[in-house]
1. Determine which member of the set 233, 182, 177 is away from the ligand (no atom under 14 Å from the Cβ) and over 19 Å from residue 147 (Cβ atoms).
2. Determine, yes or no, whether residue 152 is surrounded by 24 or more Cβ atoms within 10 Å (Cβ to Cβ), over 21 Å from residue 67 (Cβ atoms) and touching a Gly at 6+ places or on another chain (Cβ under 8 Å).
3. Of the residues 62, 57, 74, which is at pLDDT 95 or above, out of contact with any helix residue (DSSP H, G or I) (no Cβ under 8 Å at 6 or more places or on another chain) and surrounded by 13 or more Cβ atoms within 10 Å (Cβ to Cβ)?
4. Just to be sure, is residue 162 in the same structural domain as residue 231 (by TED's automatic domain parsing) and assigned to a helix (DSSP H, G or I)?
5. Among (1) in the same structural domain as residue 307 (by TED's automatic domain parsing); (2) of a type in the set (A, V, I, L, M, F, W, C); (3) open to solvent by 20 Å² or more (accessible area, probe 1.4 Å); (4) within 16 Å of the ligand (Cβ to nearest atom), which single condition is residue 114 missing?
6. Between a residue in segment 257-280 that is not assigned by TED's automatic domain parsing to the domain that holds residue 239 and any residue that is surrounded by fewer than 20 Cβ atoms within 10 Å (Cβ to Cβ), which pairs come within a Cβ distance under 6 Å, given they are 6 or more apart or on different chains?
7. Kindly indicate the residue of segment 165-180 that is among the aromatic types (Phe, Trp, Tyr) and either under 15 Å from the mean Cα position of the chain (by Cα) or in a helix (DSSP H, G or I) (or both) and also surrounded by the fewest Cβ atoms within 10 Å (Cβ to Cβ) among those meeting that condition.
8. In the list 339, 390, which residue meets the criterion of being touching a residue at least 60 places away in the same chain (Cβ under 8 Å) and part of a strand (DSSP E or B)?
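The values are calculated or read from the model by the stated rules, or taken from the named source; none is laboratory data. This one's a predicted model, so the numbers in the text were calculated from it and none came from an experiment. Ideal geometry is used to build each Cβ from the backbone, glycine not excepted, and the neighbour counts take in all protein chains shown. In case anyone asks, the SASA skips ligands and DNA or RNA and just uses the protein heavy atoms, side chains included. Shrake-Rupley method; radii C 1.70, N 1.55, O 1.52, S 1.80 Å.
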Amino acid sequence: MNQQLNIGLFGFGVVGNGLYEVLKQSPATHAVISRICIKNRHKQRSLPPEIFTFTPDDILDDPKINLVVELIDDAETAYLIVKSALEKGKSVVSGNKKMLAAHLPEFIGIQQKLGVGLLYDASACGSIPVIRNLEEYYDTDLLQSVTGILNGSSNYILSKMYNHGVDYAEALYQAQEYGFAESDPVFDVGGLDALYKLVIITVHAFGVYVSPDEVFNFGISKITGQDMQYAREKGRKIKLVGQVMKDPENGLSLFVMPRMVTPDKYIYNVEDEFNGVVIKGAFYDKQFMFGKGAGAYPTGSAVLSDITARGYNYRYEYKKMKQKKGLAFSNNAIVQVYLRYEEEADLNLFNFEIIRERYSSDDFRYVTGLIKLSNLQKIKHDLSDRNIFLAEI
Ligand code: HSE
């Protein structure tokens, strides 16, 4: 049954505004935003003041509000709001990937215990319905990997640099101006946003929860023209890629890092703020989902889709978690990488299995070779201060 939804909205930033507009264009959705809880008392707002409150309990304790939509970017506050709303028996829609990636096991438990519903398709890949598809359509036995461009801002920056020669700082500024980037863009360009999305995707693809702390992530913030030039000379583009893959021994590997992508790959042509997800499986080979991954309206429309789904009482069932297929996460996989570095000491951090190629001139040094994910994971926190760039090849 399509029930009437009275929404209490938390946050009225880029996505909150986008949702408000998208909802206005969607009269068939039996949902109204009754109250909006915001933090900033001084910001000029486009709606009548009586709809706003600064007190979360005005929403959480209002019995007429049966759906909480959480669209704030403070993960800790978002966690408290979502938990409290679920425990009070309200349905919740959230777009907060950092918060979800950290707390999914607890939220899954609460949903199962109390029979409440938490939907978050909007949290991964903006307008692309990747979570619900993985949840409903794909069987774990046949599924082999999910690979994708999961962060619109990084992809926007890389596209502008590669295709238009825009410099990194200007491209990042544009991504912020368009509302693609997080309020702290380090989440985007450091590969964290993609990592959180990958963790969420993995739960619905393979039924395994992996804490973000255990997964190697490296972003694009250190990229230079030399890296772009290297890729160009090899006929490749650099894309920030998140990947989860199953090996024949039921091991599951996850990582986020830039990749030198050849033109025959689906993601080669994914440009600007678009995202692209390649789902690979036995018997059907590859399938590709493509769409806008960031921005007010694409993400607002994904939130709307979650709202509509709650109107029909849709819930994720986490079937794959219940099936217990014996999949085990590990960082044992070996990846082939390009490493551009400045100091020998930086190179020495990396414990390569094999070095395949080595180049050194006055101002450009790189190696390519094979390295275990566990070695990369071990040094992940040492990499952020160094002038190095790493990409899978
Ligand atoms: N900052 C995110 C991105 C927004 O650039 O993809 C959508 O999750």
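1. 233
2. yes
3. 62
4. Taking the combined requirement at face value, the residue satisfies it.
5. All conditions pass for residue 114, except number (4).
6. Nothing qualifies.
7. In this case the residue turns out to be 173.
8. None of the others qualify; the one that does is 390.
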